[in-house]
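Notes follow once the structure below has been shown.
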Amino acid sequence: LVLAAIIPTGITSFIWVTIYKGNIALALSIILIDTILSPFLVPHTLSFLVGQKVEIDTFSIMNGLIYMVVLPSIIGMLINHLTKGKSVNVGKTLAPFSKLGLASVVMINGAVVAPYLKVITSKLVVIALTVFILAFIGYLLAWLVGNWLNRDRETKVAMIFTGGLRNISAGAVIAVQYF
C-alpha cells in the first residue's frame with residue numbers, strides 16, 4: 001500500500017485529462033516531472049516509511065523512463081509546437097489505437113491478477129477497500145487544492161486526474177523485482 005501511494009503518476013491520467021478537456025500541458029508536465037523524480041523518491045520514501053533500505057538501480061530505471069516516457073513526450077510536444085497544433089489531427093486519427101492499447105494493458109493486468117481473485121477472502125476485500133480509499137483521497141486532495149488555489153476548470157481537471165491516478169504497472173514491477 002505504501003508503494004501504491006508513492007509510485008509515479010500514471011500516463012493514463014493524460015488520456016483522461018484529454019477526454020475531459022483539461023490542461024494537457026500541465027498534466028504532461030506533472031507526469032514528466034513525477035516520472036523523472038520517481039527513481040530517487042520511491043526508494044528513499046520506502047526506506048523512510050517502511051524502515052527498510054530498498055536498493056533500486058536508479059540509473060537503469062531513469063534510462064528506461066527516459067526512453068519510454070520522457071523522450072516520446074518531448075518529441076510529441078516538439079512536433080505539436082512545430083506544426084502549431086496541426087499534429088493533433090493525426091492524434092485524433094490514431095486515438096482508436098491508443099484506446100485499444102490501453103484496453104490491452106488493462107486486460108493483461110487483469111489476467112495477471114485473476115488467479116488471486118478466484119477465492120475472495122475478507123483480507124482481499126479489506127485490501128481492495130483500502131486501495132479504493134487511497135485513490136479516492138488522491139482525487140479528493142487534488143480537487144480540494146485546485147479549489148483552494150481558485151484554479152480554472154481545465155487546471156482542476158489536470159490536477160484531479162494526475163493526483164488520483166498512479167502508475168500501477170510501475171508499482172507492480174518494483175514490487176515483483178524488489179519484494
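For region 22-38, name all the residues that are hydroxyl-bearing (Ser, Thr, Tyr) and modelled with pLDDT of 80 or more.
The one that is hydroxyl-bearing (Ser, Thr, Tyr) and modelled with pLDDT of 80 or more: 29.
Going by what's in this entry, would residue 139 be described as more than 15 Å from the chain's Cα centre (by Cα) and either modelled with pLDDT under 85 or under 22 Å from residue 2 (Cα atoms) (or both)?
Taking the combined requirement at face value, the residue does not satisfy it.
Against the definition (within 17 Å of the chain's Cα centre (by Cα), part of a helix (DSSP H, G or I) and touching a residue at least 60 places away in the same chain (Cβ under 8 Å)), how does residue 13 come out, yes or no? Please lay out each step first, then the result.
Values: within 17 Å of the chain's Cα centre (by Cα): yes; part of a helix (DSSP H, G or I): yes; touching a residue at least 60 places away in the same chain (Cβ under 8 Å): yes.
Spelling it out, residue 13 is indeed within 17 Å of the chain's Cα centre (by Cα), part of a helix (DSSP H, G or I) and touching a residue at least 60 places away in the same chain (Cβ under 8 Å).
Can you find a residue that is in a helix (DSSP H, G or I), at pLDDT 80 or above and surrounded by 13 or more Cβ atoms within 10 Å (Cβ to Cβ) anywhere in region 65-78?
Yes - at least one qualifying residue is present in region 65-78.
Of all residues in region 104-123, how many are at pLDDT 80 or above and either aromatic (Phe, Trp, Tyr) or open to solvent by less than 70 Å² (accessible area, probe 1.4 Å) (or both)?
Of the residues in region 104-123, 2 are at pLDDT 80 or above and either aromatic (Phe, Trp, Tyr) or open to solvent by less than 70 Å² (accessible area, probe 1.4 Å) (or both).
Name the residue, out of 41, 1, 49, 37, that is exposed (fewer than 15 other Cβ atoms within 10 Å of the Cβ), in contact (Cβ under 8 Å) with a residue 40 or more places away in the chain and within 19 Å of residue 165 (Cβ to Cβ).
Numbers: 41 fails: in contact (Cβ under 8 Å) with a residue 40 or more places away in the chain; 49 fails: within 19 Å of residue 165 (Cβ to Cβ); 37 fails: in contact (Cβ under 8 Å) with a residue 40 or more places away in the chain.
Going through 41, 1, 49, 37 in turn, just one is exposed (fewer than 15 other Cβ atoms within 10 Å of the Cβ), in contact (Cβ under 8 Å) with a residue 40 or more places away in the chain and within 19 Å of residue 165 (Cβ to Cβ): 1.
The values are calculated or read from the model by the stated rules, or taken from the named source; none is laboratory data. From a predicted model like this one, the values you see are computed outputs, not experimental measurements. Cβ sites come from the backbone with ideal geometry, for glycine too, and all protein chains shown count toward neighbours. Only protein heavy atoms, including side chains, enter the accessible area calculation; ligands, DNA and RNA are left aside. Shrake-Rupley method; radii C 1.70, N 1.55, O 1.52, S 1.80 Å.
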